[in-house]
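Asker: First the structure, which I've put down as structure tokens, then a few questions once you've had a look.
The values are calculated or read from the model by the stated rules, or taken from the named source; none is laboratory data. Note that the structure is predicted; figures quoted are calculated from it, not measured. Every residue, glycine among them, receives a Cβ derived from its backbone with ideal geometry; neighbour counts consider all protein chains shown.
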Amino acid sequence: MCDVRINIVLAKGKIPADVVFIGEAPGASENVIGKPFVGPAGKLFHRIVDSVVDQYDDFSGLRFAFTNLIACIPKNTKGGPKVHTPPKESIQKCYPRLEEFVELCKPSALVAVGKVAEKHVSTLFIEHEAISVTHPAAILREDRAMQDLSIQRVQVQLADLFHSIVSPN
């Protein structure tokens, strides 16, 4: 399954983590660098998270970790280097790694980044509080006006989640 990868892309961030962000799969930049959320979409996502943290003093102590459903760039069975949706078989094979990482992090919440992650995180981690946000790659494909609205929507979702962690009542 991983014969098109350059690197295994495991995770990055603080352990234990208050919030674990789970994306779909490594992209081309992640495949080269070996870390998740480092390509154009990942950089946008970090800017969004940082902007929310910077707005509230209470959020400055929160710890974050980042990973994906799968640790290798998805193989295209039709001959190309990457598919957009990780194959179910890859997700199943990587689940023990993901489960172990989440257990190590002991998060207060999980954030599924994108629809594919949402589908799997909600069924694999039913015991954790989880929300889903728009994938930053989808935001980057929108026109400028829609990008701003999508970014604001993700910022509000994250601010609400972070508030629930720092003041659970």
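Asker: Go through Ile22, Ile15, Ile48 for me and flag whichever is at pLDDT 95 or above and in a strand (DSSP E or B).
Answerer: Result: Ile22 is the single residue among Ile22, Ile15, Ile48 that is at pLDDT 95 or above and in a strand (DSSP E or B).
Asker: Please find, within the range 74-112, the residue that is modelled with the highest pLDDT out of those that are more than 14 Å from Asp18 (Cα to Cα) and β-branched (Val, Ile, Thr).
Answerer: It comes out as Ile91.
Asker: Step by step: first the residues of the range 110-129, then only those that are of a type in the set (A, V, I, L, M) and within 12 Å of the chain's Cα centre (by Cα), then the one that is farthest from Leu62 (Cα to Cα). Which residue is that?
Answerer: Val116
Asker: Right, another one. Of the residues Ser164, Ser132, Ser150, only one is among the polar types (S, T, N, Q), in contact (Cβ under 8 Å) with a residue 24 or more places away in the chain and either surrounded by 14 or more Cβ atoms within 10 Å (Cβ to Cβ) or in contact with a helix residue (DSSP H, G or I) (Cβ under 7 Å, 6 or more places away or on another chain) (or both); which?
Answerer: Answer to the selection: Ser164.
Asker: Filter the range 1-42 down to the residues that are out of contact with any strand residue (DSSP E or B) (no Cβ under 9 Å at 6 or more places or on another chain), in contact (Cβ under 8 Å) with a residue 40 or more places away in the chain and closer than 17 Å to Leu140 by Cα and list them by number.
Answerer: Of everything in the range 1-42, those that are out of contact with any strand residue (DSSP E or B) (no Cβ under 9 Å at 6 or more places or on another chain), in contact (Cβ under 8 Å) with a residue 40 or more places away in the chain and closer than 17 Å to Leu140 by Cα turn out to be Gly27, Ala28, Pro40.
Asker: Residues in the range 74-96: is at least one buried (at least 18 other Cβ atoms within 10 Å of the Cβ) and touching a Phe, Trp or Tyr at 6+ places or on another chain (Cβ under 8 Å)?
Answerer: No, that holds for no residue.
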